[in-house]
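Below is one structure, written out as structure tokens, with a few remarks after it.
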Amino acid sequence: MKKITTLLFIVITYCVTSQTTTAISPVFPEILSQFPSVRDYTISSTHDEIYFTVQGYAGELSTIIKITKKDSNWSSPEIAPFSGQFDDLEAMFSPDGLKLFFVSNRPLENTDTKAKDYDIWYIKRSDITAKWSAPINIGNPINTKGDEFYPSVATNGNLYFTSTATASKGKDDIFVSTWQNNTYTNPVSLSEAINSEGYEYNSYIAPDESFLLFGAYKRKDGIGSGDLYISYRSTEGTWSKAKNLSAKINSDKMDYCPFYDSKTQILYFTSKRNEIITKRSKSLELKHLLKMMHSYQNGLSRIYKTHIKL
């Protein structure tokens, strides 16, 4: 069985590297370019709702934005009804589209005005045409006195997220809390196949839990300051040693916040890649300078996509 599992991992790894195209393109540049920083992205299974986070130049604000599609046309961006008063970020749909998880430093009580640490919250609906509920704090045992980030849920309800809890193996770890008997179990830090003494963050779990995408900071096999990695889950429930998604996707800058659409086989991710030409020229005109500075790949946080079979 061990030999078969190893061979399967080699084949899967080959598929990732060989079928990845180098075509990486901007996502909604006409919409997202108007914001100084766009941090994360999620799209509904019906492909007619998108939520993403916009932030200030110095991260002094963080708000979740919503766009919807009707008759093949996308709406103008608007602040999500549940966002705007405190720092909100990292919205993520459940596979059935009936829950939308997100992170916020809002107080637990509506009467409070003072921000707290970052917790995982969610809104829910009875069907995809129903109205969303008011925000609900996911509570114990997931939320702690520390910070919890980037919730991602599998079809079976198991929740993967980043935490600064003392049970971590390093700085930030990726944890899982399994859904059993209609409640969440105590979170467990994933194995050293994924977590290390450094920073692991922004994990996206496949709906069937077959693979995990996540970000890691300055690893020995890293390409930039932060890279995207993938780990596969065996039938026995163990995780393969995480592999860098390679220079076909990662850049020499910060790459993070993955989201994978299994229906279209499109990987969405955030990057601070910069393609501004730094060569100076006496003939450079102001309009050309401004065009470079306002280009999509100008080093600010932007959303990109690429087709990849995982």
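Out of (1) 156; (2) 136; (3) 186, which label holds the value of volume of the Cα convex hull per residue in Å³ that was computed here?
So the calculated entry is the one marked (1).
Using a basic spin-label model with each label point 7 Å from the Cα along Cα→Cβ, how many nm lie between LYS282 and LYS131?
Taking the two extended label points, one gets 6.7 nm.
Anyone know which of THR178, THR264, THR42 comes out most mobile in the 10 Å Cα GNM of the chain?
THR264
With springs only between Cα atoms under 10 Å apart, run a GNM on the chain and tell me which of ASN195, ASN181, ASN274 wobbles the most.
Fluctuation is largest for ASN181.
Modelling each spin label as a point 7 Å along the Cα-to-Cβ direction, I'd like the GLN85/SER191 distance in nm, to one decimal.
4.4 nm
Counting only helical runs of four or more DSSP H residues, what would the 222 nm mean residue ellipticity of the chain come to if each run contributes -39,500 (n - 2.57) and the total is spread over all its residues?
Helix-only estimate at 222 nm: -3000 deg cm²/dmol.
Counting only the backbone N, which residues of region 40-76 are under 11 Å from the spot 7 Å out from the Cα of ALA115 toward its beta-carbon?
Of the residues in region 40-76, 56, 59-63 have backbone N under 11 Å from the label point off ALA115.
Expressed as a whole number of Å, what is the distance separating the alpha-carbon centroids of region 70-115 and region 183-205?
24 Å
Cα-Cα over 20 Å: which of LYS243/LYS263; LYS145/LYS169; LYS70/LYS131; LYS220/LYS248; LYS114/LYS171?
LYS243/LYS263; LYS114/LYS171
As an exercise, use a Förster radius of 35 Å and the Cβ-Cβ distance of TRP179 and LEU289 to find the FRET efficiency, rounded to the nearest 0.05.
Working from the Cβ atoms, E equals 0.10.
Using only the Cα atoms of region 114-190, build the gyration tensor, take square roots of its eigenvalues as a ≥ b ≥ c, and label the shape rounded, prolate or oblate: rounded if a/c is under 1.5, else prolate if a/b is larger than b/c, else oblate.
Cα axes put region 114-190 in the oblate bin.
Fully extended, how many nm does the chain gain between LYS220 and LYS145 (0.36 nm per residue separation, minus their Cα-Cα distance)?
Value of the extension gain: 23.8 nm.
Shape verdict for region 143-245, please, from the Cα gyration tensor: rounded (a/c under 1.5), prolate (a/b greater than b/c) or oblate.
Oblate.
Rounded if a/c is under 1.5, else prolate if a/b beats b/c, else oblate: with a ≥ b ≥ c from the C-alpha gyration tensor eigenvalues square-rooted, which is region 190-287?
Prolate.
Just report the Cα centroid separation between region 229-258 and region 128-157, whole Å.
24 Å
Taking springs between alpha-carbon atoms closer than 10 angstrom, which of ILE136, ILE223, ILE123 fluctuates most in the Gaussian network model of the chain?
Of ILE136, ILE223, ILE123, the most mobile in the Gaussian network model is ILE136.
Could you grab the relative contact order for region 2-307? Cα pairs under 8 Å, six or more apart, rounded to a whole percent.
This gives 14 percent for region 2-307.
Rule-based calculations on the coordinates, nothing more; no lab input. The structure presented is a predicted model; accordingly, all values stated were derived computationally and were not measured. We place every Cβ from the backbone using ideal geometry, glycine too, and count neighbours over all the protein chains shown.
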